[in-house]
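Student: One structure is given below, represented as structure tokens, and several questions about it will come after.
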Amino acid sequence: MTGSFWHDPAIILYILIAVLVADSLWSLYLLLREILIVYDVPQVPEVLGPYLSQELFNKMRKYKLHKSWFIMVNTLFVVIICGCLELYFGFYAFVWRVAGKCVIWDWMQHEVCLSIIYVFLLSIYITIKSLPGHIYERWCITSLVKRSKPRWLHRILCDTLDIICSLLLMALLVSVVVLMVQFLGQYAFLGLYAAAVMLTVVVILLVPCIIDPFLGKRVPLENLALQADLEYLTARVRFPIRQVYIIRVRDPAAGSNAFFYGCCCLKRIVIFDTLLLNRGRHSPAQMPAEDQGKGLTNAQVVAVVAHELGHWKNGHFYKAIVMFQVHLLLTLLLFIICFPHGPIYQAVGFEPGVQPIIAGFVIIFGFVLTPYFTISNVLMLTMTRQFEYQADKFAFKLGHATHLRHALLKLYADNLSFPISDGCYSSWHHTHPTMLHRLGRLEQLEASRS
């Protein structure tokens, strides 16, 4: 019975469609829970009252509801309806045949060239399919909370540049993958894993060097009192103060943030200048009126840095690397099991014996491995949320719990993040615990000490 199921393309097709529908309906159920939670909170939560006006809370709530309903409709149409029709009518096999008809010269019949054409055609289709939703989200929904005037030409140029760069990178990636599978054959799994490990190492080594130019410009801290507080804090835990960076971000819309990254001599704690009160400037009168008063006090900034030091002290960077490598290894193991199996290709419309390499990647990663990706995503998100609780606990041990609580409240208000979320929805989507959960955990820690 098992062998018959595994070798029957029709059964495999119906299972793929059922998995797609079930996964999407579960996402819609979670989103509906989130929407109902938002409807149940028409007033600013009492704990946020000193930091957030009712008018601004109403804007955040309206944006959250508008975007949630948009995601629900978009998922229903683009993912469920279009996705099922694409699988049932053999769309991915059809695109491969179209790619074959696009061949002009003989050298283009090589599978690398066909694969690039195939992915290019898929990209055009996906862009057209998602364009109405993208335009509505980018140009309409975003305007519900952003006060700045939209720079239409700038957005169009940036989107065009992103598309061009993505296509070039995609062509390079497709070429490498196809050639690797062709040359390594049954050992392609090892080659792909080795390439992923090398890419991870390159990213680890490269990111600390490009933080400054990519995010903004590194600037000295003008607030001498804050500088002294940070030096005292880092000295307590033996973290080098020279590796705490203040970055004047180019786009203030990036929000107020601080993060820890790296290992050994490449570790960094990066503080956005938007995290500092009035962006760390002595003369806030020169700032736009809506930005004046934003940011944290010195004590609150120190508490946030204490939280980031908790990530370093608990080895969260190393744990995240190990978690990612295990996930990658399991993904490639499952992929290598499914990749050579002909009935999977026949299930989505390919003729027997036709098993394009790049189509196998699209079908297996896009549909076949959906159950594994769903489960692994929940597990990894659960772990990252535990990392946040552990970092908060470290800040508590250093005596900064009270200021960290106030900092969280202020940051949520400044960043226009809606503070209420359904617990089940959050566990499936959020890398961080909700603000109220973090506040509750910090209050429990303080209560246990007293």
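The values are calculated or read from the model by the stated rules, or taken from the named source; none is laboratory data. Predicted, not measured: the structure shown is a model, and the values here were computed from it. Glycine gets a Cβ as well: all are built from the backbone with ideal geometry, and neighbour counts include every protein chain shown. These accessible areas exclude ligands, DNA and RNA; they are computed on the full protein's heavy atoms, side chains included. Shrake-Rupley method; radii C 1.70, N 1.55, O 1.52, S 1.80 Å.
Student: Within 14 Å, Cβ to Cβ, of residue 74, how many net charges do the neighbouring residues add up to if Lys/Arg are +1 and Asp/Glu are -1?
Tutor: Result for the neighbourhood of residue 74: +2.
Student: Sticking with this one: May I ask you to list the aspartates and glutamates whose Cα is less than 18 Å away from that of residue 217, ignoring any residue fewer than eight positions away on the same chain?
Tutor: The qualifying aspartates and glutamates are 251, 273.
Student: Here is a follow-up. By how many nm would the segment from residue 432 to residue 376 lengthen if fully extended, with 0.36 nm per residue of separation less the alpha-carbon distance?
Tutor: Result: 18.5 nm gained on full extension.
Student: Here's a follow-up. Given +1 on the Cβ of Lys and Arg, -1 on the Cβ of Asp and Glu, and no further charges, what dipole in debye does the chain carry about its Cα centre, rounded to the nearest 20?
Tutor: 1220
Student: Roughly how many nanometres apart are two label points built 7 Å out from the Cα toward the Cβ at residue 186 and residue 205?
Tutor: Placing both labels 7 Å beyond Cα along the Cβ direction yields 3.4 nm.
Student: Assigning unit charges at the beta carbon (Lys, Arg +1; Asp, Glu -1) and nothing else, what dipole magnitude in debye, to the nearest 20, does region 299-450 show about its Cα centre?
Tutor: 520
Student: Say the dipole of the chain comes from +1 at the beta carbon of Lys and Arg and -1 at that of Asp and Glu; which of 339, 371, 182 then lies farthest toward its positive end?
Tutor: Going by the charge dipole, the pick is 371.
Student: OK, next. Given H placed on each backbone N at 1.01 Å, which residues far from residue 245 in sequence or on other chains put an amide H within less than 5 Å of it?
Tutor: 269, 270, 271
Student: Just round it to a whole percent: the fraction of Cα-Cα distances in region 283-417 exceeding 24 Å.
Tutor: So the portion of pairs separated by more than 24 Å is 56 percent.
Student: Taking the Cα atoms only, what angle lies between the long axis of helix 401-414 and the longest principal axis of the chain, rounded to 10 degrees?
Tutor: Taking Cα atoms only, the helix is inclined about 60 degrees.
Student: With every protein chain left in place and a probe of 1.4 Å, what is the accessible surface of residue 435, to the nearest 10 Å²?
Tutor: 0
Student: With θ set to phi - 60°, apply the Karplus curve 6.51 cos²θ - 1.76 cosθ + 1.60 along region 372-384 and write out the HN-Hα couplings as whole Hz, x wherever there is a Gly or Pro.
Tutor: Once rounded to whole Hz, the list reads 5, 4, 5, 5, 5, 4, 5, 5, 5, 5, 4, 5, 5.
Student: Helix 298-313: angle to the longest alpha-carbon principal axis of the chain, degrees 0 to 90, nearest 10?
Tutor: 40
Student: Another question, if that's okay. Please compute the length gained on full extension between residue 263 and residue 219, using 0.36 nm multiplied by the number of residues separating them and subtracting their Cα-Cα distance.
Tutor: This chain segment gains 13.6 nm when fully extended.
Student: Residue by residue through region 237-245, which ³J(HN,Hα) values in whole Hz follow from phi under the Karplus form 6.51 cos²θ - 1.76 cosθ + 1.60 (θ = phi - 60°), with glycine and proline marked x?
Tutor: 9, 6, 9, x, 5, 5, 9, 9, 9
Student: Full extension from residue 125 to residue 46: what is 0.36 nm times the residue separation minus their Cα-Cα distance, to one decimal in nm?
Tutor: Here the answer is 23.7 nm.
Student: At a threshold of 8 angstrom on Cα-Cα distance, excluding pairs fewer than six apart, so keeping six or more, what relative contact order does region 389-450 reach in percent?
Tutor: About 46 percent, as a whole number.
Student: Return the ratio Rg/(2.2 N^0.38 Å) for region 296-337, where Rg is computed over Cα atoms only.
Tutor: For region 296-337, the normalised Cα radius of gyration comes out at 1.88.
Student: Can you tell me the FRET efficiency between residue 319 and residue 231 if r is taken as the Cβ-Cβ distance and R0 is 35 Å, rounded to the nearest 0.05?
Tutor: My answer for the efficiency is 0.80.
Student: Under a 10 Å cutoff between Cα atoms, tell me which one of 317, 260, 214 has the largest fluctuation in the Gaussian network model of the chain.
Tutor: Looking only at 317, 260, 214, the largest GNM fluctuation is found for 214.
Student: With a Förster radius of 41 Å, plug the Cβ-Cβ distance of residue 354 and residue 158 into 1/(1 + (r/R0)^6) and report the FRET value to the nearest 0.05.
Tutor: 0.55
Student: Then there's this: Lysines near residue 319 by alpha-carbon distance under 22 Å, same-chain residues fewer than 8 away left out - which ones?
Tutor: 267, 393, 397
Student: Next question, about the same structure. Which residues' amide hydrogens lie under 5 Å from the amide hydrogen of residue 296, considering only partners 5 or more residues apart or on another chain, with H built in the peptide plane?
Tutor: 276, 277
Student: What angle, in degrees between 0 and 90 and rounded to the nearest 10, separates the Cα long axis of helix 111-136 from the longest principal axis of the Cα atoms of the chain?
Tutor: Relative to the chain, helix 111-136 is tipped by roughly 50 degrees.
Student: Also, I was wondering about something else. Using alpha carbons only, what's the Rg to Rh ratio of the chain with Rh from Kirkwood?
Tutor: 0.99
Student: Okay, moving on. Between 27, 166, 417, find the one with the highest GNM mean-square fluctuation for the chain; connect C-alpha pairs within less than 10 Å.
Tutor: 166
Student: Under 8 Å for C-alpha pairs, at least 6 residues apart: give me the relative contact order for the chain, rounded to a whole percent.
Tutor: Value for the chain: 21 percent.
Student: Here's something else I'd like to know. Which residue, 262, 310, 353, tops the fluctuation ranking in a GNM of the chain built on C-alpha contacts under 10 Å?
Tutor: Top of the fluctuation ranking is 353.
Student: A further question follows. With the contact rule set at Cα under 8 Å and sequence spacing of 6 or more, what percent relative contact order holds for region 297-450?
Tutor: 34
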